[in-house]
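The values are calculated or read from the model by the stated rules, or taken from the named source; none is laboratory data. The structure presented is a predicted model; accordingly, all values stated were derived computationally and were not measured. Please note: Cβ atoms are built from the backbone with ideal geometry, for glycine as well, and neighbour counts cover all protein chains shown. These accessible areas exclude ligands, DNA and RNA; they are computed on the full protein's heavy atoms, side chains included. Shrake-Rupley method; radii C 1.70, N 1.55, O 1.52, S 1.80 Å.
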Amino acid sequence: MDSAHSSSPPAAALLTAAKVPFTVHRHVEIRTGADIRACTAFTEKDIEKSLKTVAFSVGPDRLALAAVPGPARIRYGRLASVLGVPRSALAAADEAALQRLDMERGGVGPLCDAPDVTVVFDAAVPQMGSVLCGSGRSDCTVEARAADIVRIPSNSMVADITSP
């Protein structure tokens, strides 16, 4: 683990600044849902009460984060519509985009206050209670109330972006 990983994850600073109570759960580096199940102490119930966040490039200079309940599937057409772009404009964020977000693959989360990043929360998220979500790093996860997380990003919206 390098020295950058001995400090708090990026999400911690945003939660602290917003005076939101939270817990950091440290674990081995994870990249996938299978890693979460195999390499952490999180249970299926924990995963059901988690936020899955996917990073997208939306054209050459815009980024978006889509945060949905862990088991849910993102409806890309709905997400594109909410962002005001054609579906073809959405692409998975590459490593350079994740670096701009100060996030690692496996640690992408909805806590971002960059004004040029749009965070779209699924309509179900604000009522989820306490949730686990990406911290920005792949070796720790944060836990906080979803209603608090939703109010932190400076450019965010809540919309129906998942399959029923």
Failed item in (1) free of Cβ contacts under 8 Å to residues at least 12 places away in the same chain; (2) buried (at least 18 other Cβ atoms within 10 Å of the Cβ), with Leu101 passing the rest: (1)
Top-ranked residue of the stretch 131-146 - restricted to ones that are out of contact with any helix residue (DSSP H, G or I) (no Cβ under 7 Å at 6 or more places or on another chain) and not in a loop (DSSP other than H, G, I, E, B), ranked as most open to solvent (accessible area, probe 1.4 Å): Arg145
Test: Ile149 is within 17 Å of Thr16 (Cβ to Cβ), at pLDDT 95 or above and open to solvent by less than 30 Å² (accessible area, probe 1.4 Å): yes
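Condition check ((1) of a type outside the set (Asp, Glu); (2) touching a strand residue (DSSP E or B) at 6+ places or on another chain (Cβ under 9 Å)) across all residues:
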{"site": "Val58", "(1), (2)": "yes, yes"}
{"site": "Gly70", "(1), (2)": "yes, yes"}
{"site": "Arg75", "(1), (2)": "yes, yes"}
{"site": "Ser81", "(1), (2)": "yes, yes"}
{"site": "Pro115", "(1), (2)": "yes, no"}
{"site": "Phe121", "(1), (2)": "yes, yes"}
{"site": "Arg137", "(1), (2)": "yes, no"}
{"site": "Glu143", "(1), (2)": "no, yes"}
{"site": "Arg151", "(1), (2)": "yes, no"}
Subset of the stretch 48-90 [free of Cβ contacts under 8 Å to residues at least 24 places away in the same chain, surrounded by fewer than 18 Cβ atoms within 10 Å (Cβ to Cβ) and more than 20 Å from Arg31 (Cα to Cα)]: Pro60, Tyr76, Gly77, Ser81, Gly84, Pro86, Arg87, Ser88
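Looking at Val142, Val125, can you tell me which residue is of a type in the set (A, V, I, L, M), under 17 Å from Ala72 (Cβ atoms) and touching a residue at least 60 places away in the same chain (Cβ under 8 Å)?
Working: Val142 fails: under 17 Å from Ala72 (Cβ atoms).
Unique residue meeting the criteria: Val125.
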Any hit, the stretch 30-47, residues being within 14 Å of the chain's Cα centre (by Cα), surrounded by fewer than 17 Cβ atoms within 10 Å (Cβ to Cβ) and basic (Lys, Arg): yes
Inter-residue pairs, beta-carbon under 6 Å, first farther than 15 Å from Pro71 by Cα and in the stretch 17-43, second assigned to a strand (DSSP E or B), 6+ apart: Val20/Ala144; Phe22/Val142; Phe22/Ala144; Thr23/Glu143; Val24/Cys140; Val24/Val142; His25/Thr141; Arg26/Cys140
Top-ranked residue of the stretch 1-49 - restricted to ones that are closer than 16 Å to Arg105 by Cβ and hydrophobic (A, V, I, L, M, F, W, C), ranked as modelled with the lowest pLDDT: Ala4
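Are any residues in the stretch 104-130 among the polar types (S, T, N, Q) and crowded, with 17+ Cβ neighbours inside 10 Å, and if so, which ones? Break it down stepwise before answering.
At the first step, the residues of the stretch 104-130 found to be among the polar types (S, T, N, Q) are 118, 127, 130.
Result: Thr118, single match.
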The stretch 22-56, residues that are in contact with a strand residue (DSSP E or B) (Cβ under 8 Å, 6 or more places away or on another chain), more than 24 Å from Val150 (Cβ to Cβ) and charged (D, E, K, R): Arg26
